[in-house]
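Reviewing the structure listed below.
The values are calculated or read from the model by the stated rules, or taken from the named source; none is laboratory data. Keep in mind the model is a prediction, meaning the values are calculated, not measured. All Cβ positions, even for glycine, are placed from backbone atoms using ideal geometry, and neighbour counts span all protein chains on display.
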Amino acid sequence: MDFVETKRRSNFTRKIVLAAGITAVFVFLFKRSPAPITSTKFSEHEPGVTHVLVTGGAGFIGSHAVLRLLKDSYRVTIVDNLSRGNMGAVKILQGLYPEPGRLQFIYADLGDAQAVNKIFSENAFDAVMHFAAVAYVGESTAEPLRYYHNITSNTLLIVEAMAAHNVKTLIYSSTCATYGEPDKMPITEETPQVPINPYGKAKKMSEDIIRDFSKTSNMGVMILRYFNVIGSDPEGRLGEAPRPELREQGRISGACFDAARGIIPGLKIRGTDYKTSDGTCVRDYIDVTDLIDAHVKALAHASPGKVGIYNVGTGKGSSVKEFVEACKKATGVNIKVDFLSRRPGDYAEVYSDPSKINNELNWTAKYTNLEESLSIAWRWQREHINGYNG
């Protein structure tokens, strides 16, 4: 019995070893064989359809751009690492446009050259709208290297990938921060660019990279330098929902809404002795709906081998005090305001001359009433107490 049992065990062991060996061979051959290629609408150019890569498309401005592009029948790919964007915004967009071939989301970091190249290799892009960037002046001063990596280095990788994969149109999201402290107002596209913080410097470096490359290629480039963005989708589908830890870095509209909701005790206005009508800083506030309209018009007017540079603003300034009064009316809350001394580096007036974009792209800001824009944004804030989470 012992001999028979031992022989059975030996045969069983040999069968296990043989089965394991065969399995290993199949795994090896499977790994060596090429992966099946799945043809999708995103990987093929289609006559009559423009496929736009929107970097940072889960963010505040980027998501509004995606919404408008989809409405206008563009095919859209969002690439975002969600460090500042909201997956909730992406889900809203996917729900609005669920048809195959309309919208796809790719989670990726634009600082990863291999990932960027893979994205361009697997998709047939006709144009790129490059929004993705960290964008807080104060944070850029505290973390300059992060800003140069995130803005300048990442833009270089995008342009390199576009060149390698023959993508011929770039709409670049820039900023009035590249102008620094201009000697006179309003700011035109010819105003000297002398940025005073890492955010503005990183954006200007990106512009320089794009413009230098354009001289050696037939890429069509549009650079949009915009001013202080406010508002949200008039139909209430999208809004601004910064991460809680970034509230102090955000826009004055966000601070006003936080004060109206009681998240913070009130507003702090720095500087009441500037040479302006009421002593507070004057800024040019552009509604996000108008801003995105400028991007879509820029895309339509982009020409091979040409670079267009445009300021996107209303052409008029509003003081901080005027802004706060408009916010009080929009929210119906008598927001508490503390007036403090000036903040180093702030300048009295910044507003645009939008004549060039008016004349060349037939674009004019339509949402120029502060209270109206803030009322639309406040409605979304009130209905989304926890941002896209409810």
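Numbers at a glance
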| item | result |
| --- | --- |
| Unmet requirement for A164, which otherwise passes all of (1) on the phi < 0 side of the Ramachandran plot; (2) surrounded by fewer than 22 Cβ atoms within 10 Å (Cβ to Cβ); (3) within 19 Å of the chain's Cα centre (by Cα) | (3) |
| Test: residue in region 148-160 that is closer than 27 Å to P47 by Cα and crowded, with 18+ Cβ neighbours inside 10 Å | yes |
| Candidates D284, D273, D233 - the one that is modelled with pLDDT of 95 or more and farther than 23 Å from G332 by Cα | D284 |
| Within region 266-280, tally of residues that are within 15 Å of C327 (Cβ to Cβ) and touching a Lys or Arg at 6+ places or on another chain (Cβ under 9 Å) | 4 |
| Residue match in region 298-313 (condition: more than 23 Å from L69 (Cβ to Cβ), in contact with a Ser or Thr (Cβ under 6 Å, 6 or more places away or on another chain) and either free of Cβ contacts under 8 Å to residues at least 24 places away in the same chain or buried (at least 16 other Cβ atoms within 10 Å of the Cβ) (or both)) | no |
| Matching residues, region 187-208, being β-branched (V, I, T) and either part of a strand (DSSP E or B) or without any contact (Cβ under 8 Å) to a residue 12 or more places away in the chain (or both) | I187, V194 |
| Whichever residue in region 326-378 is among the polar types (S, T, N, Q) and farther than 28 Å from Q193 by Cα and, among such residues, is surrounded by the fewest Cβ atoms within 10 Å (Cβ to Cβ) | N334 |
| Which numbered condition R211 misses (of (1) buried (at least 22 other Cβ atoms within 10 Å of the Cβ); (2) assigned to a helix (DSSP H, G or I)) | (1) |
| Scope region 65-86; condition within 17 Å of D233 (Cβ to Cβ) and either in contact with a helix residue (DSSP H, G or I) (Cβ under 8 Å, 6 or more places away or on another chain) or among the acidic types (D, E) (or both); matching residues | A65, V66, L67, R68, L69, L70, D72, V76, I78, G85, N86 |
| Sole exception among (1) out of contact with any helix residue (DSSP H, G or I) (no Cβ under 9 Å at 6 or more places or on another chain); (2) part of a helix (DSSP H, G or I) for K184, by number | (2) |
| Qualifying positions in region 112-147 - touching a helix residue (DSSP H, G or I) at 6+ places or on another chain (Cβ under 7 Å), over 30 Å from K41 (Cα atoms) and not aliphatic (A, V, I, L, M) | Y136, G138, E139, S140, T141, P144, Y147 |
| Every pair of residues 6+ apart whose Cβ atoms lie under 6 Å, when the first sits in region 39-65 and is outside any loop (DSSP other than H, G, I, E, B) while the second is among the hydroxyl-bearing types (S, T, Y) and buried (at least 20 other Cβ atoms within 10 Å of the Cβ) | V52/Y74; L53/T77 |
| Region 107-144, residues that are assigned to a strand (DSSP E or B) and buried (at least 18 other Cβ atoms within 10 Å of the Cβ) | A127, V128, M129, H130 |
| Count - residues of region 235-270 that are surrounded by fewer than 16 Cβ atoms within 10 Å (Cβ to Cβ) and under 16 Å from D290 (Cβ atoms) | 1 |
